[in-house]
1. Kindly provide the set of residues from the stretch 735-763 that are of a type in the set (Val, Ile, Thr) and open to solvent by 20 Å² or more (accessible area, probe 1.4 Å), ordered by number.
2. Evaluate the following for SER717: is it hydroxyl-bearing (Ser, Thr, Tyr) and either out of contact with any Ser or Thr (no Cβ under 7 Å at 6 or more places or on another chain) or at pLDDT 80 or above (or both)?
3. Is it fair to say MET203 is over 37 Å from the mean Cα position of the chain (by Cα), assigned to a helix (DSSP H, G or I) and more than 18 Å from ILE457 (Cβ to Cβ)?
4. Limited to the stretch 749-773, what total is found for residues that are within 20 Å of GLU270 (Cβ to Cβ) and at pLDDT 85 or above?
5. Would you pick out the residues in the stretch 479-492 that are open to solvent by less than 30 Å² (accessible area, probe 1.4 Å) and within 10 Å of ILE742 (Cα to Cα)?
6. How many residues are at pLDDT below 85, of a type outside the set (Lys, Arg) and out of contact with any helix residue (DSSP H, G or I) (no Cβ under 7 Å at 6 or more places or on another chain) when one looks only at the stretch 84-97?
7. Considering only residues that are of a type outside the set (A, V, I, L, M, F, W, C) and in contact with a Pro (Cβ under 7 Å, 6 or more places away or on another chain), which ones fall in the stretch 499-542?
8. Check off (1) open to solvent by 20 Å² or more (accessible area, probe 1.4 Å); (2) closer than 30 Å to LEU704 by Cβ for GLU562 and give me the number that stays unchecked.
Amino acid sequence: MAKVPCTHCHLEFDESVMITEKEGKEALYFCCKGCQGIYHLLRSEGLDTFYDKLGKQSLEPPKQRDDDLQKFDLDGFRKKYIVKRPDGLDEIYMIIEGIHCSACVWLNEKVLHKMPGIVEATINYTTNKAHIVWDPNDVKLSQIVEKIRSIGYNAYPYDPKLQEERANKARRDHYARLLVAIFATMNIMWIAIAKYTGMFTGMREDVKMVLSIAEWILATPTLFYSGWVFFRGAWYGFKNRFVNMDTLVATGASLAYFYSIWAMVTGHGEVYFDSVTMIITFVLTGKYLEVLSKKRAADTMDALSNALPTEVTVVKDDNKSMIPVEEVEPGDIIEVRPGEKAAIDGVVVSGEGSFDESSLTGESEPIYKRPGDEIVSGSVAIDGVVRYEATKDYGTSTLATLVGLLEESLTKKPKIEQLANEISGHFSKTILTIALLTFIGWFWMSGEFERALVVAISVIVIACPCALGLATPVATLIGINLAARRGVLFKEAAYIETMAKCDILVLDKTGTVTEGKPHVVSYEEYEEYDYSLLLSLVKSSIHPVSRGVQRYLEDHFDELKEVELADVKQVQARGISGTFEGVVLRGGNAKMMQEFGLNVDDESEYTLFYFAIGDRVVARFELRDLPKEGAKEAIADIRGLGIEVIMLTGDNEKAAERVAREVGIASFKAALLPEDKVKEIDLLHAKGHLVVMAGDGINDALALSRSDIAIAMGSGSDVALEVSDVVLLDDRITSLRDAFLISRRTFRFVKQNLALSIVYNTITIPLAVSGYVIPLVAALSMSLSSLLVVGNSMRIKSAFKEKN
């Protein structure tokens, strides 16, 4: 018996075991009831074009998995995986099992969108990750999963924010421990004030004992609950044979705590429970600030992959077919229509139209393509149907190459914290060594264990790195808050220090220095006309030039109203036309006017737009991409800080030179591809420079990831935002100037704080070793040094106000 393929899954079996149906004159064969059911389901839903997309590829036959559907509606599952949105909709990320081509993605999305209650269903072809949003009042998650399974696939939950949740858990844990420490410290200080007063006015021993017990009750949870993070860090250091700041904190606090218990029980000496709580609270504050500054995890590659085309239209012998991008070979003819993104590099063979390359090259205006011109993958067709011959396969095309390079660059971020950790380790070892030698020396000279222990504790407590530990985080936190109020978001506190050290600023042009959209800079009216006609015409187009004319009309003319136009058409790479009451209206470039026999003056260095009513040209507009407000002043201020400013752009030489001249940038390079920008950044690094890069598009993502500090505009692409270290929330280039001012001022105060702590330790440690400082005074001195650092850091705000 001959083998025949299953009509649904295309797997071959003997004809004798197949389920046979007749559809007209055509015989249908199914290997199982599941394939038969899916086939008829797709036919009834109008999705039978799935088989055209599938081609000759085979599928896995559906498997019955209905025994666990109820788990998707359980409260435990809901709490763990489903997010309830503010608008009342439910949201989940799931992995769709069984997807192996773009046709599978298409089928699942189509089937899900046909379900009542489904608001959004998008599937990442690269990772098989589905983002599903639905109305729980209309459909249950179990029904959604059942529908996915009914067409031969499976779905299970995935949590894309696992790392971020871990970071949130760490923040909550530190916050709870800090609250306990602050509560204990605030209360124990009132008790300490009473005891200090009693030292001068007199206090009965029984009252003193009660106050000491109260201090012990408050200090115990502070040390062993709030301070547990330091004991854990000290134990980790001990196991790995290194001494860190946690070791110093844990040692000093523990010695002070257990000595205080001994003093309280025996009645000899003073207790220092207040020192214990202050040590833990102040240093834990620094730890908490460090946790707050951790960078949130970002699924950058998923965000980029979602934007990649998964299939293209290939033309063979005048027959069109949609095939996965991975199957395209050099020499294939690909067709792109308005709104579609080119997935493969190639050369135009027929048709013509405008392409938006701003996301890749930074070119601010659409590029007109005709036969013989190159098509760059990632560019978007604006008007006209174009067919082009693929010159590369998908893996070697510009967009795919950019993704690969970006993925590699993301793993090469510099780490600047190793030196600080090394210094901390040496500091801690030195202090512990000095304290041990001090104990031995005093015990040898005096023969008194208590006296030697008190002096040694004084050394540890007075040198306890509160000021050193808070020198950086307090100042940077104040700097971060100040920056946020001015529209600058630093994703991590360490980036303030790095940015303060940078000496070169590299700027993209479009969207960074300029607004990224054409504005009318000159308007000439040849004769009076109804402005509402032009407004209605340009509103029917999404072209950036039409949008610029629309904004100009709405800003400069009153009582405009839209009128209904007939026969509105987009003219490829030229403009737009329509009719009103039988009169033809045309809006577009000089080439469009000339093709219809209308003579126009096309001499201009800017983009031209003409408006014609019938056979009369009534208006002429000149448009260009303008620099952002305050750009010239901001760049001058940045240069005044001793920072060299360079502009790298994919735009043409003439446009780049004009913008550079207007904003005061002396050095620029034009017509650069994303890879060229990276080479420029690498050359600057080779010369020993630290580089800040500011950009907003996908084309900037690679260069951003290679720079020391990456700054993205708030309205930029998702990829640029994810790769960036700093985000300018309000999109103003003046915020870029503020970022430099705040980072440099903050770093200056960090260095002042470090200097204060060093001077403090240089003076107080010898005094403590000499026995002139008791633990009580040591604790007060330690607190004073911390308050001095905090107070100095607060000056960052006032200094910035005075400067601006």
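The values are calculated or read from the model by the stated rules, or taken from the named source; none is laboratory data. Just so you know, these numbers come straight off a predicted model, no measurement behind them. No Cβ is skipped: glycine too gets one built from the backbone with ideal geometry, and neighbour counts run over all protein chains shown. We work out accessible area using only protein heavy atoms, side chains counted, and drop any ligands, DNA or RNA first. Shrake-Rupley method; radii C 1.70, N 1.55, O 1.52, S 1.80 Å.
1. If the condition is that a residue be of a type in the set (Val, Ile, Thr) and open to solvent by 20 Å² or more (accessible area, probe 1.4 Å), then ILE758, VAL759, THR762, ILE763 are the ones that fit.
2. Judged against the criteria, SER717 is not a match.
3. For MET203, the condition - over 37 Å from the mean Cα position of the chain (by Cα), assigned to a helix (DSSP H, G or I) and more than 18 Å from ILE457 (Cβ to Cβ) - is not met.
4. 7
5. Hits for the stretch 479-492 are GLY479, LEU482, ALA483, VAL488.
6. 6
7. THR514, LYS517, PRO518
8. Unmet for GLU562, out of (1) open to solvent by 20 Å² or more (accessible area, probe 1.4 Å); (2) closer than 30 Å to LEU704 by Cβ: (2).
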